[in-house]
Amino acid sequence: MNTHATAAALPVASRRHRSGRALAPALFLAPAVALLGMFLVYPLLQSFRLSLLEWNGLGENSVFVGLANWAVLAKDALFWHALGNNLLLGLFSVLIQLPIAMALALLLDKAGRGSRTLKILYFLPLLFSSVALGVIFKNIYDPNFGPVNAALQALGLPALAQDWLGDRRYALAAVTAVICWQNVPFYMILFLAGLASFPSDLREAATLDGASDSTIFWRIRLPHLQGTVRTAAMLAVIGSLRYFDLIYVMTGGGPEGASELMATYMYRTVFSSFQLGYGSTVASVMFLVVSLIAALGMRLTRRFETEV
Amino acid sequence: VKFATLTAASLVISGCTYAVGASAQGTKTISEWDIQTQPASAKIIQDALTRFEKANPGYKAERAQIPNDAYKTKLKIAFGANEPPCVFTNWGGGSLREYVKAGQVVDLTSYLAKDTAFKERFIPTAFDATTIQGKVYGLPGENTAAAVIYYNTELFAKNGLTPPTTWPELLKVVEAFKAKGIAPFALANKAKWPGSMYFMYLVDRIGGPEVFRKAATRAPGGSFADPAFIEAGRKLQELVKAGAFAQGFNGLDYDVGASRRLMYADKAAMQLMGTWESSSMVNENPSFVKKVDFVPFPAVPGGKGQAGDIVGSVGNNFYSVSSACKAPEAAYKMIKTMVDDASVQARLDDKRMVPIKGLQVSDPTMRRVMKLVADAPTVQNWYDQELPPQLAELHKDTVQSLLGLSITPEEAAQKMEALAAQLLR
């Protein structure tokens with residue numbers, strides 16, 4: 001009842017002060033709104049507008065074609081293949097990165113202060129530039145000179161020594177492995193921070209009650225980290241849907257489009273094929289897909305929150 | 001989206017600073033963009049620009065050197081934003097045609113007509129790549145390159161083999177090296193243009209140079225589904241099935257030297273590549289250069305093309321003037337200075353041959369390249385430079401798929417023809 005009363009009283013109070021008080025918030029908000037408008041809303045609307053054109057991106061000779069680009073995209077097997085690859089990348093990012101990151105975080109947390117050097121060491125992959133990393137791993141995967149195949153051969157497993165980046169069947173998996181390797185530290189830090197906020201008296205109480213380590217993890221610590229895990233999963237999925245750099249450097253989306261992602265496909269249509277209109281269609285759909293999945297994800301997590 | 005817009009935004013910002021720079025000075029500024037980032041070749045352009053400034057008081061050259069791939073993106077965005085540099089490097093062919101279609105490049109025909117002595121210096125084919133519907137849009141600037149088969153003389157001698165001059169001989173050489181556990185050809189086809197060289201040569205040897213010209217210009221009877229394209233695809237797949245290419249070829253990256261490394265390690269015996277490869281080898285592995293030589297692509301018996309035809313580029317890079325330039329006359333003088341006698345000689349000293357008549361080449365390898373090009377009945381420009389960008393991209397995709405044995409030559413040809421019919425009206 002109490003809340004209802006304040007809710008009813010509020011509009012009256014604010015109406016009285018509106019004219020004087022509205023200016024200050026508006027002024028404070030203006031820079032943020034202007035920046036968002038200029039660098040987020042405007043480019044978004046602009047890329048949607050461009051998606052309605054057939055245009056090489058040069059001069060004035062653009063042709064308005066309505067939704068023709070969208071119709072072509074709906075039937076573009078290359079694009080759907082790329083979207084499928086993005087979803088696969090998202091799935092495997094979550095399934096591979098998060099458990100490894102969690103395991104590392106738990107071990108580091110357990111080791112406590114003594115693990116500082118390891119923490120820094122594990123964190124290193126995230127600090128590399130993706131381009132440099134891509135070039136290094138291109139050499140590591142090289143079927144003729146790379147250490148991966150050399151090691152497999154030395155171990156007497158020449159059958160496992162594959163053409164990692166040049167074979168349609170393995171290219172995406174090979175790059176995914178590197179992407180995971182690079183991103184695990186990020187989630188590790190996230191989880192580590194979450195674990196640090198775990199109250200130690202809870203653990204003591206549980207231990208006194210005779211709970212084993214695994215029970216403490218599954219029943220107490222993991223539920224405690226639930227929010228962090230969900231955030232991490234969302235970040236991993238959204239990051240995968242927009243992914244570009246290592247794929248671009250290591251395979252360029254190839255061979256034969258086997259590792260093509262939406263972003264690399266968009267880049268190729270705009271900058272190699274000079275199809276700015278169609279490329280913008282790809283970009284717009286990419287934006288819609290990412291927003292849709294992000295919205296779904298947030299909805300799902302909110303439902304979980306209310307249930308728990 | 002973000003990637004593209006960010007790049008665009010940063011370019012617009014850098015464009016603004018350019019404009020401010022121009023007005024702040026009292027003199028007129030002529031901007032120039034090129035891709036000569038190596039110290040020696042960069043100096044040649046810098047020297048030419050200095051000469052231009054001395055000969056044309058009141059004008060100042062403002063230069064930007066940009067690495068190759070970044071350049072292509074940056075140039076496109078600059079033109080798209082209508083803020084192009086006055087003078088810009090290009091490759092002629094299809095991508096230049098896009099800028100010309102948009103009315104953004106100065107037609108140099110009238111300038112050259114008043115300047116016949118200067119025009120006559122170049123060999124006749126030098127303007128082919130920049131001639132669009134009878135008008136000339138660029139000057140050939142940097143080099144003359146042909147795709148040839150580099151081979152390891154030691155490996156050939158050791159195995160009692162001679163470099164192939166015909167297709168059947170080539171297949172025998174492939175078989176012989178394969179049996180010895182040596183990859184016959186090094187190929188690094190991630191970027192897809194290196195593999196295209198085999199296809200272009202096969203089309204020429206099988207169907208003659210007219211097949212591509214007719215298909216690309218949509219002349220009567222011209223088609224990318226011509227039997228010559230299909231047969232070329234078949235022969236290419238025949239090579240793949242014979243194990244002609246080193247493992248991983250569709251994923252290896254030419255830009256990090258993956259194919260040359262195979263040659264250097266004696267793991268591959270041959271490589272079909274542009275003659276710029278000679279200078280890369282000299283820089284990377286001088287001792288290897290002693291045991292490498294090159295031969296032209298072999299003849300295909302029964303084919304219509306002549307064995308002397310080459311695939312390559314006369315000019316390699318071209319210099320053009322944008323229509324947005326406020327001083328086109330001065331810009332024309334600038335590009336002339338960039339290919340004047342002093343520049344040509346300096347490039348020659350840097351082992352590059354501007355396509356000038358009677359060029360005095362002393363280096364024996366370079367002399368052979370020059371002779372190859374000068375004697376060639378036709379010089380076929382790279383398909384991926386010659387075709388409109390979208391079709392060029394499909395060409396590279398289909399050839400990579402042919403090499404990956406995932407489509408048939410007929411399917412590849414049909415795909416090309418379908419898009420060509422749609423784009424080239």
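The values are calculated or read from the model by the stated rules, or taken from the named source; none is laboratory data. Only a predicted model underlies this, so the values are computations on that prediction, with no experimental measurement involved. FYI the Cβ positions are ideal-geometry reconstructions off the backbone, even for glycines, and counts take in every protein chain you see.
From the list A:Thr228, A:Thr215, pick out the single residue that is in contact (Cβ under 8 Å) with a residue 12 or more places away in the chain and more than 9 Å from chain B (Cβ to nearest Cβ). Please lay out each step first, then the result.
Numbers: A:Thr215 fails: in contact (Cβ under 8 Å) with a residue 12 or more places away in the chain.
The conditions single out A:Thr228.
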Do you know which of the residues in the stretch B:54-86 that are in contact (Cβ under 8 Å) with a residue 60 or more places away in the chain and away from chain A (no Cβ under 14 Å) is farthest from B:Ile30 (Cα to Cα)? B:Ala55
Take the stretch B:164-183 and flag every residue that is within 14 Å of B:Leu239 (Cα to Cα) and within 14 Å of chain A (Cβ to nearest Cβ). B:Ala183
What are the residues in the stretch A:180-222 that are small (Gly, Ala, Ser) and surrounded by fewer than 15 Cβ atoms within 10 Å (Cβ to Cβ), if any? A:Ala193, A:Ala196, A:Ser197, A:Ser200, A:Ala205, A:Gly210, A:Ser212, A:Ser214
Is it the case that B:Glu83 is among the charged types (D, E, K, R), modelled with pLDDT under 90 and outside any strand (DSSP E or B)? no
Tell me the residue from B:Ala70, B:Ala81 that is more than 20 Å from B:Pro140 (Cα to Cα), surrounded by fewer than 19 Cβ atoms within 10 Å (Cβ to Cβ) and within 17 Å of the chain's Cα centre (by Cα), please. B:Ala70
What's the total number of residues in the stretch B:363-422 that are more than 9 Å from chain A (Cβ to nearest Cβ), part of a helix (DSSP H, G or I) and of a type in the set (Gly, Ala, Ser)? 6
Which of the following residues is within 13 Å of chain B (Cβ to nearest Cβ) and either of a type outside the set (Val, Ile, Thr) or over 27 Å from A:Thr228 (Cβ atoms) (or both): A:Leu87, A:Leu78, A:Leu121? A:Leu78
For A:Ala236, state whether it is assigned to a helix (DSSP H, G or I), among the aliphatic types (A, V, I, L, M), touching a residue at least 40 places away in the same chain (Cβ under 8 Å) and closer than 23 Å to A:Ser115 by Cβ. no
Collect the residues in the stretch B:228-249 that are of a type in the set (A, V, I, L, M, F, W, C), more than 14 Å from chain A (Cβ to nearest Cβ) and over 28 Å from B:Lys214 (Cβ atoms), keeping them in residue-number order. B:Ala242, B:Ala244
Which numbered condition A:Ala258 misses (of (1) closer than 27 Å to A:Ser47 by Cα; (2) of a type outside the set (Phe, Trp, Tyr); (3) in a loop (DSSP other than H, G, I, E, B); (4) away from chain B (no Cβ under 11 Å)): (4)
Considering each residue of the stretch B:140-163, count those that are without any contact (Cβ under 8 Å) to a residue 12 or more places away in the chain and among the hydroxyl-bearing types (Ser, Thr, Tyr), and give that number. 1
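Quick grid of which residues meet (1) within 13 Å of another protein chain (Cβ to nearest Cβ); (2) part of a helix (DSSP H, G or I):
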position: A:Leu246; (1), (2): no, yes
position: A:Val249; (1), (2): yes, yes
position: A:Tyr265; (1), (2): yes, yes
position: A:Val270; (1), (2): yes, yes
position: A:Phe274; (1), (2): yes, no
position: A:Ser280; (1), (2): yes, yes
position: A:Met286; (1), (2): yes, yes
position: A:Val289; (1), (2): yes, yes
position: A:Ile293; (1), (2): no, yes
A:Val94 fails exactly one of the following numbered conditions: (1) under 27 Å from A:Leu235 (Cβ atoms); (2) without any contact (Cβ under 8 Å) to a residue 24 or more places away in the chain; (3) of a type in the set (Val, Ile, Thr). What is the number of that condition? (2)
Among the residues of the stretch A:121-155, count how many are touching a Gly at 6+ places or on another chain (Cβ under 7 Å), of a type in the set (S, T, N, Q) and assigned to a helix (DSSP H, G or I). 1
Matching residues in the stretch B:180-199 - criterion: being polar (S, T, N, Q) and not in a helix (DSSP H, G or I): B:Asn189
Is it the case, given these coordinates, that B:Glu154 is of a type in the set (Asp, Glu), modelled with pLDDT of 95 or more and either under 30 Å from B:Asp266 (Cα atoms) or in contact with a Ser or Thr (Cβ under 8 Å, 6 or more places away or on another chain) (or both)? yes
Can you confirm whether B:Ser323 is out of contact with any Cys (no Cβ under 9 Å at 6 or more places or on another chain), farther than 24 Å from A:Gly166 by Cβ and within 14 Å of chain A (Cβ to nearest Cβ)? yes
Conditions: (1) part of a helix (DSSP H, G or I); (2) within 18 Å of B:Leu405 (Cβ to Cβ). B:Gln247 meets all but one. Number of the miss? (1)
Does B:Ala215 count as within 14 Å of chain A (Cβ to nearest Cβ), touching a residue at least 60 places away in the same chain (Cβ under 8 Å) and surrounded by 24 or more Cβ atoms within 10 Å (Cβ to Cβ)? no
Given the condition surrounded by fewer than 16 Cβ atoms within 10 Å (Cβ to Cβ), of a type in the set (D, E, K, R) and under 22 Å from A:Met188 (Cα atoms), answer yes or no: does some residue in the stretch A:54-76 qualify? no
Per the filter on the stretch B:250-298, residues of a type in the set (Asp, Glu) and away from every other protein chain (no Cβ under 14 Å) are B:Glu277, B:Glu284, B:Asp293
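Identify, from the list B:Met270, B:Met263, the residue that is at pLDDT 95 or above, assigned to a helix (DSSP H, G or I) and of a type in the set (A, V, I, L, M, F, W, C). Talk me through it step by step, then tell me what you get.
Working: B:Met270 fails: assigned to a helix (DSSP H, G or I).
After applying the criteria, what remains is B:Met263.
Yes/no per residue for (1) of a type in the set (Lys, Arg); (2) outside any strand (DSSP E or B); (3) surrounded by 23 or more Cβ atoms within 10 Å (Cβ to Cβ):
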| position | (1), (2), (3) |
| --- | --- |
| B:Tyr99 | no, yes, yes |
| B:Leu161 | no, yes, no |
| B:Lys172 | yes, yes, no |
| B:Lys178 | yes, yes, no |
